[in-house]
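For reference, the structure discussed in these notes is given below.
Every number here is computed from the coordinates shown, using simple stated rules; none is lab data. Keep in mind it's a predicted model, so treat the numbers as computed, not measured.
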Amino acid sequence: MRIDVFTLFPALVDGFCSESLLGKARGTGLVDLRLHDPRDQATDVHRTVDDSPFGGGAGMLMRPEPIFASVETADPPRPLFLLGPGGQRFDQHLARELAATDGFSLLCGRYEGVDHRVRQHLVDDELSVGDVVLNGGEVAACLVIEAVTRLLPGAMGNAASPVDESFGANGLLEEPHFTRPAAFRGWEVPAVLRSGDHARIDRWRKAQALHRTITSRPDLIEARGGISDDDRALLEEFPPVPYP
């Protein structure tokens, strides 16, 4: 997969994407991450990429010329997404859709944003990572890249991980997990997890995922058609593990 990122701070994205599983995916060639700085396409000695907005107002806007030139020179994979709070919400469903493609591109805004002609005539869509405003799109770009890359075959050591986790195949939040020691400060790991009865453990895990989702994200329960009779039996068989 090829992913192109257009940013005034390529080192921010490059550093994050060089670590852990992302770094391994790049090292093996699973992901071809290409970073482009619109400053390289500026035509003045100061490499100017911003200017004050017409009509006045606070802050500066990224000029269209360097952005258009950077994108046209790179000829990046499409779709090209502008990262901004006004875009469609990025979620696991969209991450799976992008993971099934050959590539996509991200444009990181800065200052007060970009000239609107970039939205109108250059990008294909706008993505938001939440109802929050950031100083720029780089952190959001890293989030999108990681969410998509980890879904690529071979990116994770355990192929079942992206299937069983939150928002996976069953549409539920993930159940709680425990590791050694079995007892810590008087808090013990549930006995069922130490029983060796794998069928019962699977039922317990499904029940805990249901309990957690019902409490924290009832909208996900509605999306999967509600609670079935089998689900109710699991909920009755296994009480919920408390969450904060």
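Counting alpha carbon pairs within less than 8 Å and at least 6 residues apart, what relative contact order, in whole percent, applies to the range 61-157? Please report the intermediate quantities before stating the final value.
Details: 140 pairs, mean separation 38.7, N = 97.
Here the relative contact order equals 40 percent.
If you average the C-alpha positions of the range 163-219 and of the range 67-129 separately, how far apart do those two centres end up, in angstrom?
If you average the Cα positions of each part, the centres end up 37 Å apart.
What number, in percent, do you get for the relative contact order of the chain if the mean sequence gap of Cα pairs under 8 Å and at least 6 apart is divided by its residue count?
Values: 357 pairs, mean separation 43.8, N = 244.
The normalised contact order for the chain reaches 18 percent.
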